[in-house]
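The values are calculated or read from the model by the stated rules, or taken from the named source; none is laboratory data. Only a predicted model underlies this, so the values are computations on that prediction, with no experimental measurement involved. Glycine gets a Cβ as well: all are built from the backbone with ideal geometry, and neighbour counts include every protein chain shown. To get the accessible areas, we keep the full protein, side chains included, count just its heavy atoms, and leave off ligands, DNA and RNA. Shrake-Rupley method; radii C 1.70, N 1.55, O 1.52, S 1.80 Å.
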Amino acid sequence: MLLEKTLKILEFDQIINKITSLTTCEIARSYASECMPLTDKEEIEKLLNEVDDACVILSRKGMPPLAGIKDIRYSVKRAVSGSVLSPAELMSISAVLRATGRTIDYCNSAAQDIENSVSAYIYRLVEDRYLMSEITRCILSEDEIADDASPALFSIRKQIAHTQNQIKDKLNEMIRSSQYSKAIQDNIVTVRADRYCIPVKAEYKSSFDGLVHDTSSSGQTVFIEPAFVVEANNKIRQLRGEESREIERILAELSAMTAQSEEIIICDCEVLSYLDFLFAKARYALDIKGAKPVINETGKINLINARHPLIDKNKVVPTTFYLDSGEAMVITGPNTGGKTVTLKTVGLLTCMMQAGLLIPADEKSELSIYTGIFADIGDEQSIAQSLSTFSSHMKNIVEILSECDYRSLILFDELGAGTDPTEGSCLAISILECAHQMGATVVATTHYSELKVYASTTKGFINSCCEFDVEKLAPTYRLLIGVPGKSNAFAISQKLGLDPQIISRAKEFLTGEDLRFEDMLQDIERNRLEIERARSEAARLRIESEQMTENIRKEMEKLDNKKDEIILKAREDAQKIVNKAKVSADKMLSEIRKAQVNVNNGALKDAQNAKAQFMQDTDDINSGIKISDDRYAQMPVPKTLREGESVRIISIAANGTVLKAPNKNGECYVQAGIMKLYLPLSDLRPLKDDSGEKVQAAGSKQAAPSMRAMNIKSELDVRGTTVDEAITMIERHLSDAHLAHQDRFTVIHGKGTGALRKGIHKYLSGNKTIKSFRIGEYGEGDAGVTVIQLR
């Protein structure tokens, strides 16, 4: 009884109403209406984890397709007992099965990156596609069964249609006949009592051989069934009976199939309904920016930037509230200053947490589980029971003290108010002391100075207040913990223009102890403001310092990058010139050898000497553009290198890949970034030592190709290109991938005719730097992509 009263005071029912409005089915609404605070820690944590997981799914995948769920449990039970279900009931069962299929598909699409407690519920769903398809095939609407629901029904309806057409043809022929033109009222064939009739003027009734089925309201028209169509109408009636019996048989067959799938259907219905309720809680949590709190059973409360969920989120002021185990808090402050809102926020968020709902507060907020939550808030005077404000409060307090214990949360608003201030304050102190001695967690608001003094001088009690801006004459709604509230009556009165002499006279009526207490509070307030200003200034300076440090770091990085780019560009240009000259010299010497029939040995010897001199000059140039790479330079020169092997190029301090093994001159054809060049073995070092571990070059700065490779993407899109263009792009990407030590990437070529894919696969098959490649799997892009694994 007290819990229900507390929940009403804290407006917990409004939270439930908001969640209920977000559900889509009747069973989910019943789950919401039964949502109440629990006391079992494991169960509460389970519920909180479910809502938190549902929020993750909502954020990534959106709302699951749960529309169309109805409570079909009673209908299924009827089917099990042998009853024949109506088309409407069967359609509701089909809707549940259809929702089951949609939800399973939704889970399969989300399961690739989300596996949590909500997925476990969806995995319990079992789809009965056959029953769903049979109901959908046979029943078109609540009032219509499909013609092809069975061969017999199709045949019966075909006979009915044929007979109807015969009757209408005969009656239309009669209506159009000149013999009956004067007797016919309207040239239409109508139906009365499921019999085809013609409208005849009343005075000609005796001229027709047939049965009268109806008369118009004016009495001027009678509806006659001519004798020659009576037998055909009887046949239609007979066929209608057969049709009804066949429909009954079809519904009975579908009902029997439903009974066989009883467990599956009821389980699907209940799981879908619970998911509907669960996602309604998650949607509400996202709306209030809820977070999962840390749970304890010790009475500790630590709310960080907590917001009351029923106050406009654009207006609510966050509250930070802390209360340790075994402590009680006394909150003071002006009216409309936020004391009661703070009290309700603590109580309501505790109820929400124990009901398995996320709370509108920052992460790592902490709440305790209580077996009893009690609140005495608001004016509950009762004229019918002759209870004053004080009496109604006292009646609640008596009930609360009789039921609370060490695992209770008690919220008192304006404790001791409504009676003589002296007696009220003494009574309030005694009540607080009693509740605290029981071990309960107590939070109370008050205006009494005596309670502030008591809280300041009594172990286990904490003072706090709601801040008030005297200059603006308005509350800030901030809760200041550890600071007793200062009376602002004199300051406010003076700000509003009250005569200073009156205020001065009023101060004379205060006792010396009151004045000293107020002065102490004033000093505390002044010191607090100074500390806050100093803290704010320190925080501002820290942020500025961090920003300045970050800006300097970025500028240094830009300078280093620019310097590296300029140096590397110069070295690349020089190396290109050298390589070009080498190729020209080799070509020239080759041509001389071919033509040595016409050239004397002396000329050939001169050409060889010229090449030797050129190679010496080349070595001198290379030594001039060499980059110091001491760590690798100290490693032994490799005797040989294999194609596809990763190497360190000493002269440019960059990584490369061997495209061709060393030639007879001991030179390897190496690719570094977009550069392809011949380099001597002395300028190369394998990237792996004898132990197989990669050697990291200390103190060396990476060249521009390596820096560019650091940002290499894991996908390469070549759609819309020719095979040759695609291969060029892949070669460039392979180079960057090797420099970045990337072991895998995906080429997006699309499906189309498959010509581009085949050309790419042919190239990949002959590339020795590639370990393997395969067509993409489901979720990767299927046949539209190729996944490449590098050596």
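Tabulated data
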| item | result |
| --- | --- |
| Pairs, first of a type outside the set (Ser, Thr, Tyr) in region 10-25, second open to solvent by 30 Å² or more (accessible area, probe 1.4 Å), C-beta under 7 Å, six or more apart | LEU10/LYS344; GLU11/LEU310; GLN14/LEU310; ILE16/SER33; LEU22/ARG283; CYS25/LYS70 |
| Residue count for region 210-252, restricted to those that are more than 58 Å from the chain's Cα centre (by Cα), in a helix (DSSP H, G or I) and among the polar types (S, T, N, Q) | 3 |
| From the options ARG526, ARG478, residue that is modelled with pLDDT of 70 or more, under 18 Å from THR332 (Cα atoms) and surrounded by 10 or more Cβ atoms within 10 Å (Cβ to Cβ) | ARG478 |
| Set GLY485, GLY439: member being at pLDDT below 85, part of a loop (DSSP other than H, G, I, E, B) and open to solvent by less than 60 Å² (accessible area, probe 1.4 Å) | GLY485 |
| Set ILE122, ILE188: member being over 33 Å from the mean Cα position of the chain (by Cα) and either exposed (fewer than 14 other Cβ atoms within 10 Å of the Cβ) or touching a residue at least 12 places away in the same chain (Cβ under 8 Å) (or both) | ILE188 |
| Evaluation of SER59 against (1) within 26 Å of GLU262 (Cβ to Cβ); (2) at pLDDT below 90; (3) among the hydroxyl-bearing types (Ser, Thr, Tyr); (4) loosely packed, with under 14 Cβ neighbours inside 10 Å (one fails), failing number | (1) |
| Lone unmet requirement of (1) modelled with pLDDT under 85; (2) open to solvent by 90 Å² or more (accessible area, probe 1.4 Å); (3) not acidic (Asp, Glu) for GLY720 | (2) |
| Count of region 728-783 residues which are farther than 30 Å from ASP105 by Cβ and either aromatic (Phe, Trp, Tyr) or touching a Pro at 6+ places or on another chain (Cβ under 7 Å) (or both) | 4 |
| Among (1) surrounded by 14 or more Cβ atoms within 10 Å (Cβ to Cβ); (2) out of contact with any helix residue (DSSP H, G or I) (no Cβ under 7 Å at 6 or more places or on another chain), the one test that LEU66 misses | (2) |
| Breaking point among (1) open to solvent by 10 Å² or more (accessible area, probe 1.4 Å); (2) in contact with a helix residue (DSSP H, G or I) (Cβ under 9 Å, 6 or more places away or on another chain); (3) closer than 18 Å to THR320 by Cα, for ILE359 | (1) |
| Of all residues making up region 141-150, the number that are without any contact (Cβ under 8 Å) to a residue 24 or more places away in the chain and either open to solvent by less than 40 Å² (accessible area, probe 1.4 Å) or within 18 Å of MET257 (Cβ to Cβ) (or both) | 2 |
| The lone exception for CYS351 - which of (1) under 30 Å from GLU450 (Cβ atoms); (2) in contact with a Phe, Trp or Tyr (Cβ under 8 Å, 6 or more places away or on another chain); (3) among the hydrophobic types (A, V, I, L, M, F, W, C) it fails | (1) |
| Test: residue in region 457-472 that is at pLDDT 75 or above, in a loop (DSSP other than H, G, I, E, B) and polar (S, T, N, Q) | yes |
| Matching residues in region 276-321 - criterion: being without any contact (Cβ under 8 Å) to a residue 60 or more places away in the chain and in a loop (DSSP other than H, G, I, E, B) | ARG307, HIS308, ILE311, ASP312, LYS313, ASN314, LYS315, VAL316, PRO318 |
| Qualifying positions in region 299-325 - open to solvent by 70 Å² or more (accessible area, probe 1.4 Å) and at pLDDT 90 or above | TYR322 |
